[in-house]
Amino acid sequence: MKGKKDMSVYKVIGRPGAGSLIAEFLLTEAKEEYEFKLISPEECKEPDFLKLQPFGKIPVLITPDGNSICETMAITAHLVEKFPQLAPPQGSCQRDLQWQYISLMATSIYLGYHRQFYSHYYAPTEVSKEVGKIAADQREIGYSYLETVFCPYLLGDKPMAVDFYLLMLTRWDPNIKDLVKDKPKLSEFIQNMRSHNTVISVLNSHK
């Protein structure tokens, strides 16, 4: 849920549909009030923002006590620790699997999308298409692996933080029909998550 401007609530700095979605999903699922601050790519290059995120990337999460956290994995970890209902119990096998899946998504799927759509950041123009193709292939390996573990969510019969993270990633795919054509479990997962009240609430808040 979005909150009024107040230092006692969380502040999510980002853009609709971008990596800031994970913070919004988790705060909403935890029924925690927050403020969303829209920031443009130009504003991300300004000195004050670069003090929060040296690469000028979103999202950034400002905690109620004024501390800032950047990088989606760090933001997810903070919110999972702050709101235990978002994850399996500490010390459990499911807890380990949560971090395994999130790490895999962050380092292969998340990064794969960035390397595909912004391949000019990683290689000269003459080979950027090849870099994008390799990134897409690696991303497919990650999705194919996750297809084997759905039941029907990644950690069981109810969605948790890791599931909201995955839904965010699937929203960036350029051709969702191709992505799920040979992944029936992923297809069902996406349909279930799209109808989740938290997801609907967050996405509608940006219309």
Subset of the range 15-29 (residues that are touching a residue at least 60 places away in the same chain (Cβ under 8 Å) and closer than 10 Å to residue 168 by Cβ):
17, 19, 21, 22, 24, 25
Would you please list the contacts, defined by Cβ atoms under 8 Å and residues six or more apart or on different chains, that run from a residue in the range 188-207 that is under 12 Å from residue 24 (Cα atoms) and touching a residue at least 60 places away in the same chain (Cβ under 8 Å) to a residue that is among the β-branched types (Val, Ile, Thr) and open to solvent by less than 50 Å² (accessible area, probe 1.4 Å)?
198/28; 201/28; 202/28
Which number in (1) surrounded by fewer than 16 Cβ atoms within 10 Å (Cβ to Cβ); (2) in contact with a Leu (Cβ under 6 Å, 6 or more places away or on another chain); (3) of a type outside the set (Val, Ile, Thr) marks the one condition that residue 64 misses?
(2)
Which of the residues belonging to the range 95-107 are open to solvent by less than 30 Å² (accessible area, probe 1.4 Å) and farther than 20 Å from residue 172 by Cα?
95, 98
Filter the range 151-178 down to the residues that are over 19 Å from residue 18 (Cβ atoms) and surrounded by fewer than 20 Cβ atoms within 10 Å (Cβ to Cβ) and list them by number.
151, 152, 153, 156, 157, 158, 175, 177, 178
Which condition breaks for residue 92 when tested against (1) open to solvent by less than 50 Å² (accessible area, probe 1.4 Å); (2) touching a residue at least 12 places away in the same chain (Cβ under 8 Å); (3) among the hydroxyl-bearing types (Ser, Thr, Tyr)?
(2)
Only one of (1) open to solvent by 90 Å² or more (accessible area, probe 1.4 Å); (2) part of a helix (DSSP H, G or I) fails for residue 127. Which number is that?
(1)
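Residue-by-condition table, conditions (1) touching a residue at least 12 places away in the same chain (Cβ under 8 Å); (2) part of a helix (DSSP H, G or I); (3) open to solvent by less than 30 Å² (accessible area, probe 1.4 Å):
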| position | (1), (2), (3) |
| --- | --- |
| 44 | yes, yes, yes |
| 48 | no, yes, no |
| 55 | no, no, no |
| 73 | yes, yes, no |
| 79 | yes, yes, yes |
Looking at the range 132-150, can you tell me whether even one residue there is at pLDDT 95 or above, open to solvent by 80 Å² or more (accessible area, probe 1.4 Å) and part of a loop (DSSP other than H, G, I, E, B)?
yes
Answer from 122, 110 - the residue that is under 30 Å from residue 64 (Cα atoms), at pLDDT below 95 and either aromatic (Phe, Trp, Tyr) or open to solvent by less than 90 Å² (accessible area, probe 1.4 Å) (or both):
110
Looking at the structure I just gave you, is residue 85 loosely packed, with under 15 Cβ neighbours inside 10 Å and part of a helix (DSSP H, G or I)?
yes
Subset of the range 179-202 that is surrounded by 14 or more Cβ atoms within 10 Å (Cβ to Cβ) and among the small types (Gly, Ala, Ser) - its residue that is nearest to residue 76 (Cα to Cα)
201
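The values are calculated or read from the model by the stated rules, or taken from the named source; none is laboratory data. On a predicted model such as this, the values are computed, not experimentally measured, just so you know. Here Cβ is always computed from backbone atoms with ideal geometry, including for glycine, and neighbour counts include all displayed protein chains. Side chains are part of the model used for accessible areas, which takes the heavy atoms of the whole protein and leaves out ligands, DNA and RNA. Shrake-Rupley method; radii C 1.70, N 1.55, O 1.52, S 1.80 Å.
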